[in-house]
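Please read the structure below before turning to the comments.
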Amino acid sequence: MTETTGAALWTGYRSGALLVDKTTDRLGVSHAFDGEKYTLAGVGSTERWTVPAAAVRLATDEERRTLGLGPRSVD
């Protein structure tokens, strides 16, 4: 049996998170997560695509700055 006391269950990045598709290096905003894939919306475009969860990461503060956004925050 796996001990989970005090461990948080990972459910993915929340909607609205700025993510990077590591397979294409494109930035996108997360819109949906089905447990396996994210649906991302392109920054500055109407393009949408899906990407496996293992192929995304949070945008860095430097990547956010290039878009005129502030650093990430945890809330």
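The values are calculated or read from the model by the stated rules, or taken from the named source; none is laboratory data. Model, not experiment: these values are computed from the prediction. As a convention, Cβ positions derive from the backbone with ideal geometry for all residues, glycine included, and neighbour counts pool all protein chains shown. Please note that ligands, DNA and RNA were not included when accessible areas were found on the heavy atoms of the full protein model with its side chains. Shrake-Rupley method; radii C 1.70, N 1.55, O 1.52, S 1.80 Å.
Does GLY12 satisfy the condition of being on the phi > 0 side of the Ramachandran plot and either modelled with pLDDT under 95 or in a loop (DSSP other than H, G, I, E, B) (or both)? Yes.
Condition check for SER30 on (1) open to solvent by 50 Å² or more (accessible area, probe 1.4 Å); (2) touching a strand residue (DSSP E or B) at 6+ places or on another chain (Cβ under 9 Å): one failure, at (1).
Every residue in the stretch 30-61 that is more than 14 Å from SER15 (Cα to Cα) and part of a helix (DSSP H, G or I), please. Residues satisfying the conditions are ALA54, ALA55, ASP61.
Among the residues of the stretch 38-56, write down those that are modelled with pLDDT under 95, open to solvent by 70 Å² or more (accessible area, probe 1.4 Å) and in contact with a strand residue (DSSP E or B) (Cβ under 8 Å, 6 or more places away or on another chain). The one that is modelled with pLDDT under 95, open to solvent by 70 Å² or more (accessible area, probe 1.4 Å) and in contact with a strand residue (DSSP E or B) (Cβ under 8 Å, 6 or more places away or on another chain): GLU47.
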